[in-house]
Each structure stands twice: as structure tokens, then as C-alpha cells.
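These notes concern the structure reproduced below.
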Amino acid sequence: MPASWYGFIQKNAHRGNRHYDSTSREKNHTLPMILQPRERLTQEEVQKGLHTILQEGLTTEAMTTLTGGTFLVAFALLLGANNFQIGLLASLPTFTNIFQLTSVWLIRRYNNRRAVSVICSVFARIPLILIGTLPFIFPAGAPVNLLLFFLFFFYLFGSIAGPSWNAWMKDLVPGDMLGVYFSKRGRYAQILNVIMSIILALAVDYIRKNFPAFELTTYAVMFMLAGVVGLGGAWLLSTVPEPTSYLGNENIIRMFQKPLRDLNFRRLLVFNSAWLFAVNIATPFFTVFMLKTLGLTLMYIIPLTILSQLSSIVTIGYWGVFADRYSNKTIISICAPLYLCCVIAWCFVGIYSNLISNLVLLALIHIASGASNAGINLALTNIGLKLAPAKEAIIYLSVKNIITSVFSSLAPLIGGYLADYYTLRQLRVIAQWTGPQLQKSFRLLLLHEWNFLFLIGAVLTVVAIQLLPRVREAGEVNKSIVKRIMRTSLRSNLRDFFVIEMILNWQSSVNGMLKRRRMGDDQLANPDPNA
């Protein structure tokens with residue numbers, strides 16, 4: 001990290017440690033890039049900052065859509081990536097979280113979370129532009145290792161920016177609206193993801209079919225565009241005000257021991273680590289399975305992904321309201337078994353070669369997993385923020401991210417190894433009927449390469465769920481009570497929808513019936529002579 005970076009942070013940190021009255025703020029309002037914390041924020045500044053964070057979330061989502069998920073896997077496979085490299089690709093975002101200790105050190109030294117977040121975000125976006133140049137530098141095909149190399153720095157600086165951003169948002173967003181606000185931010189981001197995914201899938205598939213020589217170039221342009229959009233998001237982030245915070249000067253090792261001495265937070269770490277390991281051992285390979293084994297194109301995979309996103313959009317606001325009203329832990333206990341059913345269902349995909357039956361099953365899986373993941377991810381983020389003491393949030397959240405990153409980064413690597421191990425192994429369960437006039441065989445289960453991996457992921461998910469009851473959360477409500485309330489609320493909403501719809505539309509319906517009746521009477525009175 002260059003010394004000029006540290007100097008820039010230190011320069012702004014000294015500004016942030018001074019009290020600024022309204023006159024000094026007025027003098028500096030024309031310099032939005034001065035990343036200075038403020039002793040006090042007005043309600044108007046907070047609301048403006050929250051609005052800007054929503055916009056920044058859209059730019060981040062656009063960058064992620066262009067360079068992540070199905071498109072990143074397809075790009076890597078096009079470059080010739082093997083199963084282990086796909087696993088390594090999936091492990092990078094979480095593996096680099098171990099460097100979040102750097103974020104804590106920077107904030108502790110310079111006391112400026114905004115500067116750390118913005119500058120690291122800028123450094124994270126530049127590698128995306130460099131990745132976009134690879135197909136032009138290597139026309140015959142860029143090495144996969146170079147893709148992994150640049151992505152490492154993209155995720156590295158993103159991981160350093162993460163804890164400072166989380167602690168910053170914890171102070172900026174009012175505590176009683178964490179669930180509603182971040183569910184709103186996530187919903188907006190997912191809507192953008194859906195729109196962009198459709199457009200990109202159509203464009204990539206069209207180019208692949210009609211101009212296959214330009215497929216790599218298409219992905220290169222997507223990465224460069226993502227880098228530019230990401231830099232725009234970093235600029236937006238720089239305009240959001242930061243309330244001044246103070247981190248103790250005690251030994252950093254002792255600081256990191258505090259969350260580990262907290263019994264309840266330690267239980268959350270155990271559950272979160274086990275859950276992420278179980279999820280990430282199989283999830284990164286769902287797209288590979290659809291591309292390589294089922295032979296589906298992006299025009300099938302992207303609509304399935306959109307189904308999952310739409311399911312998240314519809315349900316995330318619902319989860320956010322109930323998480324704030326009851327508890328995040330209860331939401332996890334409801335959504336986790338639903339996600340488990342989705343992982344088990346992946347074991348049955350591809351048993352039959354019929355495309356329609358596979359697509360129907362995949363559609364159901366994506367709808368259910370979208371709803372369950374929306375609740376789980378929101379609740380895990382919120383419960384971490386909730387259990388972390390306000391003055392030491394950065395420490396608690398960094399410890400959480402660092403420890404869970406070890407397990408979530410190991411999982412795809414082990415998953416890639418297991419996928420290679422089971423490549424030449426199969427388990428078939430067949431039911432056979434034999435009779436005088438009919439002989440029929442039915443495939444009940446077919447486990448091979450990927451399905452073995454999915455089954456292992458399901459077993460590990462069951463183990464992780466057993467660890468959740470040990471976590472304690474303030475205001476926790478029993479799961480059965482919340483489920484009953486949710487069912488009642490859903491029925492009430494549906495009833496209100498249909499009743500209101502009937503009230504609003506009854507007049508137009510009656511007018512339509514009368515109009516058809518008059519037309520019928522006119523036809524009887526004046527029959528058509530040509531009939």
C-alpha cells in the first residue's frame with residue numbers, strides 16, 4: 001500500500017478529529033472529495049446520505065452483475081478453467097476476508113472509515129479494467145491464472161473496505177430501521193440485477209451464436225464497463241457523511257480477543273462458519289453443473305437466476321419487517337430448512353433427460369432458494385450488527401468476517417476436489433416393474449460428479465442448522481409463533497388484495513356486462529342479413 005495513501009488518510013483523519021461548526025462546513029461544501037468525519041450530523045445530512053447509499057448500492061450491483069455469477073463462471077470456462085480453478089474462483093471473495101485485519105489497523109491509526117472505504121474501493125475497481133484488457137493482450141486466449149491474479153486484488157481491496165463500510169453504516173443508519181433499510185437497498189439492487197441480466201444474457205447469447213469469435217471480447221467489455229461503473233460508485237460513496245468514531249488504543253491482539261471471549265458471539269461465529277461451509281461446498285458449482293452436465297445455455301440459466309432474484313425481491317421486504325419486529329434468528333430458523341430442501345432437490349435434477357421436467361424442477365428450486373437466501377443473508381448481516389457493541393462494532397464484525405472467511409473459502413476448494421473425485425463414480429437407484437405385459441424401469445436417484453457434491457452439502461447444512469438454537473438474540477420470539485403470525489398476515493394481505501381489487505373494479509365489470517348485453521339485444525333486433 002503506497003505511503004501517499006496513508007498520508008491522504010492521515011490528512012483527512014486530522015480534519016475529522018476537529019470539531020466543525022456550520023461556518024466551516026459551509027466553506028468546505030464545495031469540496032465533496034474531502035473525506036472528513038463530522039462530530040454531528042443533521043437529520044437532513046443523514047437522510048441525504050441514506051439516499052446516496054441506495055444509489056451507490058445500484059452501482060455496486062451493476063458492477064457485480066457484469067463480472068460475477070453466471071457470467072464470471074462462463075468466462076472462466078471459456079478460458080479453459082478446470083473444477084479446482086472454479087472452486088478457487090469461488091473461494092477468493094471469502095478467502096481475502098482474512099485481510100480485514102488491515103482495515104481495523106487503518107481505522108485505528110487514522111480514525112477515518114470513509115477514507116478507508118473510498119480509497120480501497122477505487123483500488124478494487126482498477127483490476128476489473130485490467131481484466132478487460134486480457135483478451136486484447138492475449139488474442140489466442142488469456143491464462144486463467146491471470147484472471148485469478150487480478151480478481152485476487154479486486155476482492156482483497158473490497159475486503160479491506162468492507163469492515164469500515166459496515167461500521168460506518170452502523171453509525172449512519174438508525175438502529176430501529178436496519179432491517180427495513182437494507183431490505184429496501186437489496187430489493188432495488190436485485191431489480192437492477194434482473195433487468196441487466198436479461199439484457200446481458202440476450203447480448204451474450206446472440207454474439208455466441210452469430211459472432212462466436214467475439215465472445216471473449218464481449219466479456220472483456222463487460223469487465224471494463226464494470227470497472228468504470230464501480231469507480232462511479234466509489235465517488236458516490238465519497239459524498240456520504242461520516243459521524244466521528246473513536247477506536248481504543250489498546251493492543252490489537254487483545255482487541256480481537258474480546259469477541260472470542262463473548263460466549264454468545266462465539267456461538268454465532270460457530271453457526272455462521274458451519275453454515276457458510278455447508279453452503280459454499282456446493283453452491284458455486286450449480287452454474288457449472290447446468291452449463292457442462294445439463295448443457296443449458298445462458299438463455300436458460302439467466303431466466304432461472306432471474307426467477308431467484310424475483311423471489312428475493314418479493315420476499316426480502318417481508319423478511320426485513322419480521323426481522324425488525326421479532327428476531328433475525330427466527331427468520332434464519334424458518335429459511336434454513338427451506339434452503340436445505342433446495343439443496344436436496346438438486347440431487348434429482350438430471351435424473352431424466354427430458355428438458356421440460358428438468359426446467360420445471362430447476363424453476364421451483366430457484367424460486368425457493370431465492371426466498372430462503374434473501375431471509376438468511378439479511379438475518380445473518382443484521383444479527384452480526386445487533387450482537388456487536390456499538391463502540392467495538394468494527395472489531396466484532398471484522399473477527400466475524402475473518403473467521404467465517406476461512407471456512408467459506410475452504411469449502412469451494414474441497415468441493416472442486418470432490419467433484420473431480422466423483423467424476424468417474426456413479427450411484428443409481430432404480431425401481432423396476434416386471435409383468436406379463438409390461439416391463440418398466442424408473443430412475444429414483446442418480447448420483448454422479450455434481451450430485452454427490454450436492455448431497456454432501458445437504459448433510460452439512462443439516463449439521464449447521466443444529467447449531468442455531470445455541471445463539472441468543474434480544475427480543476427473540478419462538479419460531480412457531482412467528483410462523484403463525486406470518487401465515488395470518490399473508491392470508492390477510494391476500495384477502496385485502498382481492499377485496500380491494502373487487503371494490504375498485506366492480507363498476508368497470510358491471511359496465512362491461514351491460515355493454516355486452518346491449519350489443520346482444522341489438523343483434524337480436526337487427527339480425528345480419530348476410531349471416
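Given +1 on the Cβ of Lys and Arg, -1 on the Cβ of Asp and Glu, and no further charges, what dipole in debye does segment 255-380 carry about its Cα centre, rounded to the nearest 20? Walk me through the numbers before you get to the answer.
Numbers: 7 positive and 2 negative charges, 83 e Å.
The dipole magnitude comes to about 400 debye.
The distance from the alpha carbon centre of segment 316-387 to that of segment 185-263 is 22 Å, rounded to a whole number.
If I take all pairs of Cα atoms in segment 397-442, what percentage of them are more than 12 Å from each other?
Values: 771 of 1035 pairs.
Summing the P(r) of segment 397-442 above 12 Å gives 74 percent of all pairs.
Neighbour counting of Cβ atoms within 10 Å sorts the residues R125, R267, R114, fewest neighbours leading, into R267, R125, R114. Name the long-range amide H neighbours of R38: under 5 Å, sequence gap of 5 or more, or other chain; modelled H, no Pro or chain starts. Distant-sequence amide H within range of R38: E242, T244.
Scoring 189-196, 70-77 by mean Cβ neighbours within 10 Å over their residues and listing the highest first yields 70-77, 189-196. Expressed as a fraction of 2.2 N^0.38 Å, the C-alpha radius of gyration for segment 109-205 is 1.41. Under a 5 Å amide H cut-off, with hydrogens placed 1.01 Å from N, S327 pairs with V477 among residues at least 5 apart or on other chains. Taking a threshold of 29 Å on the Cα-Cα distance, which of the pairs K292/K329; K184/K329; K184/K292; K48/K329; K48/K258 fall above it? From K292/K329; K184/K329; K184/K292; K48/K329; K48/K258, over 29 Å: K292/K329; K184/K292; K48/K329; K48/K258. Count Lys and Arg as plus one, Asp and Glu as minus one, and take only other residues whose Cβ is under 14 Å from that of G57; the net charge is then +1. Summing Lys and Arg as +1 and Asp and Glu as -1 over all other residues whose Cβ lies under 13 Å from the Cβ of I191 gives a net charge of +2.
FYI, it's all coordinate maths here, none of it is from the lab. Values in this document were obtained by computation on a predicted structure and should not be read as measured data. Glycine also receives a Cβ, built like all others from the backbone with ideal geometry; neighbour counts cover every protein chain displayed.
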